[in-house]
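Q: Shown below is the structure under consideration.
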Amino acid sequence: MDNAVKTIRDANLKVGKKIKTSNEKIPEGYVIKTNPKAGKLVKEGAEIDIYVSSGKEKFSLSDYTGRSYEEVYDLLNNQKLKFKDIKMTEEYSDSPAGTIIEQDPISGDVVPSETVLTFTVSKGLEKISLKDLRDYNEKGLRDYEESTGLVIDMSKEEYNDTVKEGLVISQYPAPGAQLIKGDRVQVVMSKGPKEKPPKTVEKEISIPYEPGEEEQKPEEIQIFIEDMNNNLSVPFDTFTITEPTKRLLQFTIKEGETAKYRVMKGNEVILEDVVHYPND
């Protein structure tokens, strides 16, 4: 431009307006044209306006993060900006789907024709295909909860005859459901089989009377019982007999346990047996 100014002044002409305008071909600072045009006859002392190149067209790029990609793309196209390229990549994030989460370049003045504008756009939260959690224990559920970001509610418990205590019986939603981080999954934990109530079992015993050759005389009998309410260290009943005697014994037995009885005459055990919990 300095050479143009010198040329105008050397020709006894005046330098008029200096008008900057963008140009895709002429570098910044160089003269694009004059007004009046070159070659046109003018009077001495006439003013010559100079159109100076400001270089390629620039655009003040905003930071579009947090805005809708479609909205921004339409905005840039409506301004008829010819970027070298506009690229879009997607990734999962906590931002709503379709939102710009990263941008390169981030902002500032750029030459669209030389700029590749890249947007990273949210795909929303990643979908999680829910596993079959049956037979998971609490630790397994906690590990799965931590790795997925799901919230697993283990507060519900039920008795179950087939699933061991502490393991998952069922779940909601069902396996394969498509969830996102933060979604709640309800599981039902097993308390194991429900304990059956104690049962009362009756057993009739026959106590022999064998006085031998001696004359008939009373014999002292002691009965010991071991069940929920008694133990073998203390006699349950003590009495005398003078003939064979029957007695009906009652036992209170827990499921899975047994009871015992022992009949003694003096220091001799004359009857002894185990009584089982009835399963019928």
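Q: Which lysines have a Cα less than 18 Å from the Cα of Lys33, not counting those fewer than 8 places away in the same chain?
A: Filter leaves Lys6, Lys14, Lys17, Lys18, Lys20, Lys25, Lys56.
Q: Take Val52, Val116 and sort them by solvent-accessible surface of the protein heavy atoms, 1.4 Å probe, largest at the top.
A: Accessible-area ranking of Val52, Val116, largest first: Val116, Val52.
Q: Follow-up question, since we're still on this one. Have a look at Pro36, Pro173, Pro193 and tell me which one the Gaussian network model of the chain (Cα, springs below 10 Å) gives the largest fluctuation.
A: Among Pro36, Pro173, Pro193, the largest GNM mean-square fluctuation belongs to Pro36.
Q: Among Glu255, Glu219, Glu146, determine the one that fluctuates most according to a GNM of the chain built with springs between C-alpha atoms less than 10 Å apart.
A: Its mean-square fluctuation being the largest, the pick is Glu219.
Q: I've got another one for you. Once you have the Cα-Cα distance between Leu232 and Lys260, take 0.36 nm times their residue separation minus that, and quote the gain in nm to one decimal.
A: 9.3 nm is the gain from fully extending Leu232 to Lys260.
Q: Further, regarding this structure: Taking R0 as 25 Å, what FRET efficiency do you get between Lys127 and Tyr172 from their Cβ-Cβ distance, rounded to the nearest 0.05?
A: 0.90
Q: Fully extended, how many nm does the chain gain between Asn137 and Lys196 (0.36 nm per residue separation, minus their Cα-Cα distance)?
A: Stretched out fully, the Asn137 to Lys196 stretch lengthens by 18.8 nm.
Q: Amide H neighbours of Asp49 under 5 Å, counting only residues 5+ apart in sequence or on other chains, H built in-plane at 1.01 Å?
A: HN-HN under 5 Å from Asp49: Gly16, Lys17, Asn35.
Q: If you count only protein heavy atoms and use a 1.4 Å probe, how large is the accessible surface of Phe224, to the nearest 10 Å²?
A: Probe radius 1.4 Å; accessible area of Phe224 about 20 Å².
Q: Please state, rounded to one decimal and in Å, the Kirkwood hydrodynamic radius that region 91-225 gives when every pair of distinct Cα atoms enters the mean of 1/r.
A: 21.7
Q: Report Rg/Rh for region 74-146, rounded to two decimals, where Rg is the Cα radius of gyration and Rh the Kirkwood radius.
A: For region 74-146, the value is 1.30.
Q: Select from Ser60, Ser233, Ser113 the residue whose mean-square fluctuation is largest in a Gaussian network model of the chain (Cα-Cα springs shorter than 10 Å).
A: Ser233
Q: State the label only: which of [x] 0.94; [y] 2.68; [z] 1.26 corresponds to Cα Rg over 2.2 N^0.38 Å computed from the shown model?
A: So the calculated entry is the one marked [y].
Q: How big is region 221-280 by the Kirkwood estimate over distinct Cα pairs, in Å?
A: 12.3
Q: Students sometimes get this wrong: rank Arg247, Arg134 by accessible area, probe 1.4 Å, all chains present, largest first.
A: So, going from the largest accessible area down, we get Arg134, Arg247.
Q: OK, next. In region 63-102, whose amide N lies under 12 Å from the spot 7 Å out along Cα-to-Cβ of Ile180? List them in ranges.
A: Label zone hits: 92-99.
The values are calculated or read from the model by the stated rules, or taken from the named source; none is laboratory data. Everything numeric in this text was worked out from a predicted model, so none of it was measured. Cβ: placed from backbone, ideal geometry, glycine included. Neighbour counts: every protein chain shown. To get the accessible areas, we keep the full protein, side chains included, count just its heavy atoms, and leave off ligands, DNA and RNA. Shrake-Rupley method; radii C 1.70, N 1.55, O 1.52, S 1.80 Å.
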